Amino acid sequence: MAAAHARRLTDQAPVVHRPRWWRRLPWELALLAAAPVAWLGLSDDVTAAPAGGAGEVAHVPARLLVVPILVIAGGAVLAGRLLAWRLRVRGLRRTPARPAALLAWRRIVRDAATTAILAGATAVPIAMATYGASVTDSIRTTADAELRMVIGSDVVASLEPGSPPPQVPSSLDGRATALRRINHQSLDNLTVDVLAVDPRTVRDGVFWDDRINGPTLTDAVDQLTAGPVARVVAWGHVPLGPATLRGVFEDLPVEVVDVRPLPGMRGGYPVVLVHTDAITTDHIFAVHQLWIKGDPAELRDDLQTAGLPLTRIDTIDDLRAGALHEPVTFTFQYLVALSIFTGLIAVVGLLLYLESRTVAHRRAYVLLRRLGLRPAGHRWALLAELALPVLAGLAGGLALAHGLANALSDAFDLDRNQPPGAILATPYLMIAVVSVIALVIAVGAATFAHSRIARANPAEVLRDTP
Amino acid sequence: MTLHDTPAASCRDVVRAYRIDGSSVVALRGVTLDLAPGTVTALVGPSGSGKSTLLRLLACLDRPDKGSIRIDGTEVAELPRSGRARLRRRRLGFMFQNPADNLLGYLTVREHLELGAQLRGMSAKDPQIDDLLDRLGLADRAGHRPHQLSGGQQQRVAIAFAALGPPALLVADEPTGQLDHATVDSVLDAFAVLAEMGVAIVAATHDLAVARRADRVIQMRDGQVEAA
C-alpha cells in the first residue's frame, strides 16, 4: 500500500504543455489583421477635405497612412518568415559548383534567420518610400488630369468672335489643334456645349492620359462621323441614340454613340464632341480656339508673337493656383522621409552585424585563403551573401508598394465628382533611386566587410590565427 | 630518380631572419631535411626553436632568405605569389591547433569535403569524398556540423578536409594540442591512413604521443636541426 501511495506521489505523468493554437500563429498576422480594421475604422467619406476657410487645410484620411504601414510591416515580417522557412526546407538541396558560390549559399541558408531579417529590413523602407512616391505622383497626376479635363489642354487660346478659322502656328505643330467651341446649344431638350473638332489633329492638342480607366480619347474620336446623321460622343447626363442638335445653326440630326468622360466640360453643361465637317455653317457664337499642350509660360509668349486675334488665354497654371493636392502630397513626402530614416537604421544595423561577425569570418578567411580561395572569390561570396537578401528585399518592397498602391488607388482621387478618376502613376524615378541605393549598400557593405576580414594575413604563424 | 624517390618536401641550407624593432633575429640557420612521401614526421623542440618558421616555409606561406625549398619537386623560392598560392591549393594541406580554426561552422562534414574538392579543382561529387569519410570513420557524421562533433572528430574532419587530392604534404601545427589523451589516438590513426595514401605529414608538436607514433622525429634548437 505504502509503495502504491509512494508511486502515486512520484510517478507522475510528465505535464505536456501544448501551446494554444493561436499562440502558434506568427505575430505579424495581428498587424495584417489590423489593417482592414483600421481601414474600416478610419473610413471617411471624403478623401481630402478642401480648405473651407481661413486657417483650414486639406487633409488626407489617416487610413491611407496607417493601413499601408501595417501592411508593409506585417507583410515584410511574414515574407521574411516564409523566406527563412523556405531556405531551411529547400535551400540545402542544391550544391553550387563554384567554391565562392557554395560558401555564399551555405552561409545564406544556414543563417536563414539573418538572411530573412536583412531582406525584411530592406523591404520595409523601400516599400514605404515607393508607396509614398506612388501616392504623391498619383495624386498630383490625378489632380493635374482633373484640371486639364476642365479646360481641355495645358493652354486654351480663344480668338475674337467672327474670326476666321486659325491656322496652327508652325512653332506649335504636333502639339496643338484648332477647334470650335459653341456653348449653350440644345440636344433635344438638353443644354449642351458643342466642341467641333478635326479628328486628324485633335489628339495633338487635346489632353488625354492613357492611364485613365476606360476608353481612350482616340476611341471617342474614331467614332465621329460627319454623314447625314452625324455620329457624336457626349459627356454628361445625355441619353444614347438619335437626337437633334439645335442652336443658332440649322438643326443637325445626330446619333449619340457613346457617353464617356471628355475634356472641356467647363460650364457645367454636358459636352458633345462633333466632327468639324458636320457643322458646315459658321456663326457669331462659335468661338475658334487653339488647344495646345506644353509649358503655359512659354506658350503664352509664342501665342502673343503669333499675331492671332486673341481674346483670352486660359492655362492649367491658372487653375493650379490654390489647388488642394499640394498639402496632401506633403503628407506622403513625410512618409518618404520616414522611410529614409528607417533605411538608415537598417544600414547601421547591417554594418554593426557585419562588424560583430568579423572575428569569426576572419578566422574562416585565413583558413580558406590557405586552402587557395582567392581574395576576389571571397569578396564575391560576401557580395552574393549580402546582395541576394537585399535584392529579395528590394523585389519584395517594390511588390508590396505596387500591391498597396493598386489596392488603394481609388482613394488617390481628391475630387471624385470630377473626371477622369484616379490615375495610378508608377514612380519610376523613386524605383530607380531605391534600386541603385540598395545595390550600392550591398556592394558597399560587402566591400567594407571584406576589407575588415581581409586584414588578416594568411602568412601569419598558424597558431596565431586571429 | 623515380617518382617514389622524390621527397614530398626538401629543404637545403634554409635561412630565414626577421627584423624586430630594428634588430635582426635569425629564426632558421641553414636547415636541411627531406620529408619522404607516406611518412609522419614530428617536429619537436622548445618554443623559439624555429618550428613554426619552418612550417610556414614548408606551407609556402613565406619564402626563405637563403637556401632552397622544394615541394613535390617544385622550387618554392622561384615561384611568384600566385604560383605559391596554386601550389598551396593543389599540393598542400593544412591543419591547425584549434579544431575550431580548421572548420567552418556553417558547413557540414560532407560540405567541408565538397568545398575542399572544389578548391582543389575537383568535382564536389568526387568519389574520394565518400572514400575519405569511410576511411576516417566519419561516414555516419557526414551530415553533422562542427558544433555537433567532438574535438577528435573535428580534427579528423580537418584531416579529411586537408587530405583531398591528395596533397603531397600535410602541414600540421600542434594537431593534438587541444585534445584529451583519449582522442589523440583517433587523430594519429587518421594520420596513419593518410600516410598509407602516400601523403607526407609534418607536425610541430609538444605531444609525446605524436612523437612516439611518428616515423621520424626531428629535434630543433636555435633554428637548427639538432637531431633527426
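The values are calculated or read from the model by the stated rules, or taken from the named source; none is laboratory data. This structure is a prediction, so every number in the text was calculated from the model and none was measured. Cβ coordinates were reconstructed from backbone atoms using ideal geometry, including for glycine residues, and neighbour counts include every protein chain displayed.
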Task: Matching residues, segment A:371-424, being crowded, with 19+ Cβ neighbours inside 10 Å, outside any helix (DSSP H, G or I) and on the phi < 0 side of the Ramachandran plot - done: A:Leu371, A:Leu373, A:Asp413, A:Leu414, A:Pro419, A:Pro420, A:Ala422, A:Ile423, A:Leu424
- [ ] Please work out which residue is surrounded by the fewest Cβ atoms within 10 Å (Cβ to Cβ), limiting yourself to segment A:105-136 and to residues that are within 14 Å of chain B (Cβ to nearest Cβ) and not hydrophobic (A, V, I, L, M, F, W, C).
- [x] A:Thr114
TODO: Please state which one of B:Arg86, B:Arg70 is over 20 Å from B:Arg156 (Cα atoms), out of contact with any Lys or Arg (no Cβ under 7 Å at 6 or more places or on another chain) and either at the interface with chain A (Cβ under 10 Å from one of its Cβ atoms) or aliphatic (A, V, I, L, M) (or both).
DONE: B:Arg86
- [ ] Would you be able to say whether some residue in segment A:315-327 is surrounded by 13 or more Cβ atoms within 10 Å (Cβ to Cβ), at pLDDT below 85, at negative phi and not in a helix (DSSP H, G or I)?
- [x] yes
Task: Odd one out for B:Leu107, checked against (1) assigned to a loop (DSSP other than H, G, I, E, B); (2) of a type in the set (A, V, I, L, M, F, W, C); (3) away from every other protein chain (no Cβ under 14 Å) - done: (3)
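Among the residues of segment B:139-177 satisfying the criterion of being polar (S, T, N, Q) and in contact with a helix residue (DSSP H, G or I) (Cβ under 7 Å, 6 or more places away or on another chain), which is surrounded by the fewest Cβ atoms within 10 Å (Cβ to Cβ)?
B:Ser150
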Open item on the list: Looking at the structure I just gave you, is B:Ala8 on the phi < 0 side of the Ramachandran plot and within 21 Å of the chain's Cα centre (by Cα)?
Closed with: yes
Open item on the list: With over 18 Å from A:Asp154 (Cβ atoms) and more than 14 Å from every other protein chain (Cβ to nearest Cβ) as the only criterion, which of A:Leu308, A:Leu335 stands out?
Closed with: A:Leu335
Task: Check on B:Asp131, surrounded by fewer than 18 Cβ atoms within 10 Å (Cβ to Cβ) and more than 9 Å from chain A (Cβ to nearest Cβ) - done: yes
Task: First in segment A:307-319 and assigned by TED's automatic domain parsing to the domain that holds A:Ala176, second anywhere and surrounded by fewer than 18 Cβ atoms within 10 Å (Cβ to Cβ) and assigned to a loop (DSSP other than H, G, I, E, B), Cβ under 9 Å, 6 or more apart - done: none
TODO: Please specify each residue of segment A:76-101 satisfying the condition of being surrounded by fewer than 16 Cβ atoms within 10 Å (Cβ to Cβ) and within 14 Å of chain B (Cβ to nearest Cβ).
DONE: A:Arg88, A:Leu92, A:Arg93, A:Arg94, A:Ala97, A:Arg98
Open item on the list: Show the residue pairs meeting these rules: Cβ distance below 7 Å; 6+ apart or different chains; first residue within segment A:402-429 and under 22 Å from A:Ile151 (Cα atoms); second residue among the small types (Gly, Ala, Ser) and outside any helix (DSSP H, G or I).
Closed with: A:Phe412/A:Ala422; A:Asp413/A:Gly421; A:Asp413/A:Ala422; A:Leu414/A:Ala48
Task: Hits in segment B:146-183 (condition: of a type in the set (D, E, K, R) and within 14 Å of B:Leu133 (Cα to Cα)) - done: B:Arg156
